[in-house]
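Trainee: Here it is: the structure, laid out below.
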Amino acid sequence: MPVPLSDFKPGESGTIVSIQGTGALRQRLIAMGVTPGTWLIVRKFAPLGDPMEIRLRNYNLSIRKRDAALIEMMREDRQ
Amino acid sequence: MNIHLALAGNPNCGKTTLFNRLTGTRQTTGNWPGVTVEKKVGVIRRGPNLFTLVDLPGIYSLSPYSIEEIVTRNYILEDQPDVIVNIVDASNLERNLYLTLQLKKLGRPMIVALNMMDEIEQRGDLLHLDRLESLLGMPVVPISAKLNQGIIELIDAVRTLAISLGHQDGDHHHILSERPFGNEIIPPGSAGYGRGPTGQPPHHPIHSAASPVHPRNKGLPGIPSGPGLPFGPGHKHHPPHGPGHGLGHGPGHGSGPGHGPGQGAGLGWALQAEHDHSREQPETLAKLPVDFHPETDEETHALYQEAARITSNVLEHRRHPADLTRSDRIDQVLTHRIWALPIFLLILFLVFQLTFHEKLGGRLTGWLDLFFSETLSGWVRAGLDLAGTSPWVSSLLIDGIIAGVGGVLTFLPQIALLFMFLSVLEDTGYMARAAFMVDKLFLKFGLSGRSFIPMLMGFGCTVPAIMATRSLENQRDRRLTIMIIPFMSCGARMPIYVYFASIFFTTHKGLVTFSMYLLGIVIAMLSAILLSKTVLRGSEAPFIIELPPYRLPDTKSLFLHIWDKVKDFIVRAGTLIFAMSVVIWILRTFTLSFSVASDSSQSIFGSLGSWLAPLLSPLGFGNWQSSVALLTGLIAKEAVVASLGILFTPEQVLATFNPLSAYAFMTFTLLYTPCVAALGALAREMHSWRWTLAAVLYQIGVAYLISLIVYQGGLLLGLVA
């Protein structure tokens, strides 16, 4: 069952299933390599609780929770 | 032979460091026509060749979602650099290769400068350069811009490529008609990285470590876009594209099968076609060719898949990807859930203390002030007395020029310090974390965390700060940020606070100066709320930013950056401020009928200022000198102090102002319309005269209102006896 990335806790990882939404946000995400099939891990949340930091394609990206809600993920079991 | 090359690459890939390594101080900066994206050009000479380098803006992709992306794409298509040097961060290969593959689609001669090889080495990772070259179908030169390694090899590879193109296709480009020098044609198999065309012995530690198998010319020649690449032959924008990509491997790189002259012709044709349809467009850089088709999601996806495929083919990690790097460990402290914000505030506090504290940055300013107002003035006076010149000459020199120009130059050390700290924060990668940490807070003000960086830069100078807003993605965010940046107190306004604080607030100098900065921030934030709830409604752009690894700043780049700012400041002091000091001196010395005024209130300035003074008297400084100083501040904020220095003696200041009116005056100079240079940048970035005018009126209005509240409120509270 796909879950939105915004539901992920720090340390949780998974694979991107799809990216919802349209327009600039979607385009920007895709241009930064947030594409279906990509593995990512949630590193942390900012001290005020938002945005979140994710690691994908061997680099770190910051994204707000409300935008992360548009990214559907397949959660990976934690070891 | 003059080779024209363009540097393109991701932000944080070390592009600026490489550019500085290549050009040193021999560079010029300007803007791209029509848009305020900074354009850096440098010229270097190596052997018989001149290289003209253009530093393109740092971008993640060529998809036209930002001005920088459009500028880069159009520059490559319209100005046709001979060679594109694509700087790729080897430590972040996959994401960087996406841009490489996009650039490749533009069909121009390309070389990859694989940067940060030292980090790869440090990590113990293995990078197969030969595989990368053959998969990309273009030369790859490993470099470390930071350690200054591989730079000469890069230049030589550029030259070799340019010459080989000329050899293949003599008529398609101006540089290519020249025949290469005999010894520059490298026999196949001899162009390993350690040995450049000039025959230097290998001296590059990176090569042996990172490239275990690297007979460079093996299996390279004429590689078209390989199968699996989504833009092989017949791609819709580039009909003869596939064969053209073999261009990196002319005679200079060793020839091989599939390298006939027909390919060169094919390339020329492709370039011509590309050139033609971009030519038909108007010269506006911010516009795209009409037939431009943005990449579809599927195309982007395919390019990323290709980038991932190449990466997994060429890079062998020695560590587990989940292992923490040194940067990660630093980050665990700096963005710690509890400690992050205290550390953030501490860093800002330290920056301000080191810059402004009278025992630190302030001390330097104190020495300079003493030098100008006592030592230099003393020498000049003594010299002139000895020479027996007339009193007006010494008045012009001492009360006009030294008081004006010296008054401004005094603040040079503090401004240099401030710029140094700001660029250290930027270069280390901390600025991105700061934006990350404040984003949630900034959202409450209708801003994005991204606005934080331009706003912080506003403490240095309003002009680059306004230009930095181009990194914001939507126009609403840009306009909102531009509207409030002028309230961030720029370096040139600092002298005004220090001037008054050292006269009226000697015991709380630091606190009073700091309160100005704080007031500016508060007004900026209140303005952001006001504007985002009224004229600039709409939603903030998404906060999708890279958090780059922490890195030590490159000292040479840092030095060059500070030198740039210092030079600019000195040049302004020597030209604009110098001229204004003379003009101010004349206007306050002579009357409207050009006789020497017995009292400067009778002077031209006196008359002009007296018309304006009544308007300012509710604010506590309704005297002609203040009005005139504020007017000159519109040309340059430094001029306010220059004017005050010329128009007032210190005793007169004490007699004219009291602490409250001095504070009101400081408030007014903090908030009112920025200098003409900043207004110019504002007008260009707003792309609207209505918004520019609105900004000017808003700033004057706010300045008047807040100063009025400060002064009248202070009077009501009985702050002045």
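Trainee: Once you have a ≥ b ≥ c as the square roots of the Cα gyration tensor eigenvalues for the range A:3-75, tell me rounded if a/c is under 1.5, and otherwise prolate or oblate according to whether a/b is larger than b/c.
Mentor: rounded
Trainee: Apply the Karplus parameterisation 6.51 cos²θ - 1.76 cosθ + 1.60, with θ equal to phi minus 60°, to every residue of the range B:89-97 and state each ³J(HN,Hα) to the nearest whole Hz, in sequence, with x for glycine and proline.
Mentor: 7, 5, 7, 9, 4, 4, 5, 5, 5
Trainee: Taking the Cβ of B:Ile562 as the centre, find all other residues whose Cβ is under 15 Å away and add up their charges (Lys, Arg: +1; Asp, Glu: -1).
Mentor: -2
Trainee: Where in the range B:465-503 does the label zone of B:Leu511 land, with the point 7 angstrom along Cα→C-beta and an amide N cut-off under 20 Å?
Mentor: Residues B:497-503 fall inside that zone.
Trainee: Label point 7 Å out from B:Ser312 along Cα-to-Cβ: which residues of the range B:85-111 have amide N under 18 Å?
Mentor: Flagged as within label range: B:92-98.
Trainee: To continue, here is another question. Write out the trypsin sites (Lys or Arg not before Pro) in chain A meeting two conditions: DSSP loop, and at most 15 other Cβ atoms within 10 Å of their Cβ. Don't jump to the answer; show the numbers that get you there.
Mentor: Details: sites: A:Arg26, A:Arg28, A:Arg43, A:Lys44, A:Arg55, A:Arg57, A:Arg64, A:Lys65, A:Arg66, A:Arg75, A:Arg78; in loops: A:Arg57, A:Arg64, A:Arg78.
Answer in residue order: A:Arg78.
Trainee: Give me a comma-separated list of calculated 3J(HN,Hα) values for the range A:4-21, in order, Karplus coefficients 6.51, -1.76, 1.60 applied at θ = phi - 60°, integers in Hz, x for any Gly or Pro.
Mentor: x, 4, 5, 7, 6, 9, x, x, 7, 10, x, 10, 6, 9, 7, 10, 7, x
Trainee: State the extension gain, in nm to one decimal, for the chain segment bounded by B:Leu354 and B:Gln602, taking 0.36 nm per residue of separation less the distance between their alpha-carbons.
Mentor: Contour length minus the Cα-Cα distance gives 84.9 nm.
Trainee: Roughly what would the spin-label model give for B:Thr325 and B:Val393, points 7 Å off Cα along C-beta, in nm?
Mentor: 6.5 nm
Trainee: So which lysines can B:Lys444 reach, going by Cα to Cα under 19 Å and dropping same-chain residues fewer than 8 places off?
Mentor: Counting by Cα, and skipping residues close in sequence, B:Lys444 has these lysines nearby: A:Lys65, B:Lys533.
Trainee: Just want to confirm a number: the relative contact order over the range A:3-75, from Cα pairs under 8 angstrom separated by 6+ residues, in percent.
Mentor: After rounding, I find 45 percent.
Trainee: Can I ask one more? Distance between the C-alpha centers of the range A:1-59 and the range B:450-529? Whole Å please.
Mentor: So the two Cα centres are separated by 34 Å.
Trainee: B:Pro553: net charge of surrounding residues, Cβ under 9 Å, Lys/Arg +1, Asp/Glu -1, itself excluded?
Mentor: Numbers: positive: B:Arg551; negative: B:Glu426, B:Asp427, B:Asp554.
Taking every other residue near B:Pro553 into account, the sum is -2.
Trainee: Then there's this: Can you work out ³J(HN,Hα) from phi for every residue in the range B:552-558, in order, using Karplus 6.51 cos²θ - 1.76 cosθ + 1.60 and θ = phi - 60°, giving whole Hz and x for Gly and Pro?
Mentor: 6, x, 7, 5, 5, 5, 4
Trainee: Next question, about the same structure. Inside 10 Å of the C-beta atoms of A:47-55, what's the mean count of C-beta atoms belonging to other chains?
Mentor: Averaged over the peptide's residues, the number is 6.
Trainee: I'd like the FRET efficiency for A:Arg75 and B:Lys533, computed as 1/(1 + (r/R0)^6) with the beta carbon distance as r and R0 of 30 Å, rounded to 0.05.
Mentor: Plugging the Cβ-Cβ distance into 1/(1 + (r/R0)^6) gives 0.15.
Trainee: Further, regarding this structure: Between B:Asn658 and B:Ser595, 0.36 nm times their residue separation minus their Cα-Cα distance comes to what?
Mentor: Stretched fully, the B:Asn658-B:Ser595 segment lengthens by 19.4 nm.
Trainee: Around B:Leu103, what is the net charge, scoring Lys/Arg as +1 and Asp/Glu as -1 over all other residues with Cβ under 12 Å from its Cβ?
Mentor: Value of the local net charge: +3.
Trainee: Still on this structure, I have one more. Mind scanning B:Lys39/B:Lys440; B:Lys440/B:Lys567; B:Lys146/B:Lys565; B:Lys509/B:Lys567 and naming the pairs with a C-alpha gap bigger than 31 Å? Walk me through the numbers on the way to the answer.
Mentor: On the way: B:Lys39/B:Lys440 33 Å; B:Lys440/B:Lys567 38 Å; B:Lys146/B:Lys565 22 Å; B:Lys509/B:Lys567 28 Å.
Over 31 Å apart, Cα to Cα: B:Lys39/B:Lys440; B:Lys440/B:Lys567.
Trainee: Amide H of A:Val17 versus every other amide H placed in the peptide plane: which residues, excluding those fewer than 5 positions away on the same chain, fall under 5 Å?
Mentor: Distant-sequence amide H within range of A:Val17: A:Gly37, A:Glu72, A:Met73, A:Met74.
Trainee: Put a dot 7 Å past each Cα toward the Cβ at B:Arg363 and B:Asp385; how far apart are the dots in nm?
Mentor: Here the answer is 3.3 nm between the modelled labels.
Trainee: Follow-up. How far apart, in nanometres, would the label points at B:Gln332 and B:Asp79 be if each is projected 7 angstrom from Cα along the Cα-to-Cβ direction?
Mentor: In this crude label model, B:Gln332 to B:Asp79 measures out at 4.5 nm.
Trainee: For the range A:3-75, give the magnitude of the charge dipole about the Cα centre (Cβ charges: +1 Lys/Arg, -1 Asp/Glu; no others), in debye to the nearest 20.
Mentor: Dipole magnitude for the range A:3-75 comes out near 120 debye.
Trainee: Further question on the same structure: If the cut-off is 23 Å between C-alpha atoms, which lysines fall inside it for B:Lys105, apart from same-chain ones fewer than 8 positions away?
Mentor: B:Lys15, B:Lys236, B:Lys287
Trainee: Relative to the present Cα-Cα distance, how much length would full extension add between B:Gln475 and B:Thr555 at 0.36 nm per residue of separation?
Mentor: Gain on stretching B:Gln475 to B:Thr555: 25.3 nm.
Trainee: What is the calculated FRET efficiency for B:Leu697 to B:Asn148, with r their C-beta to C-beta distance and R₀ = 56 Å, to the nearest 0.05?
Mentor: Step by step, r from the Cβ atoms, then E = 0.65.
Trainee: Suppose R0 equals 22 Å; then what is the FRET efficiency for A:Ala24 and B:Trp689 from their Cβ-Cβ distance, rounded to the nearest 0.05?
Mentor: Using R0 = 22 Å, I get an efficiency of 0.25.
Values in this text are rule-based calculations from the coordinates and carry no lab data. Just so we're clear, the structure is a prediction, and the values are computed from it rather than from any experiment. Using ideal geometry, Cβ is built from the backbone for each residue, glycine included, and neighbour counts are taken over all protein chains shown.
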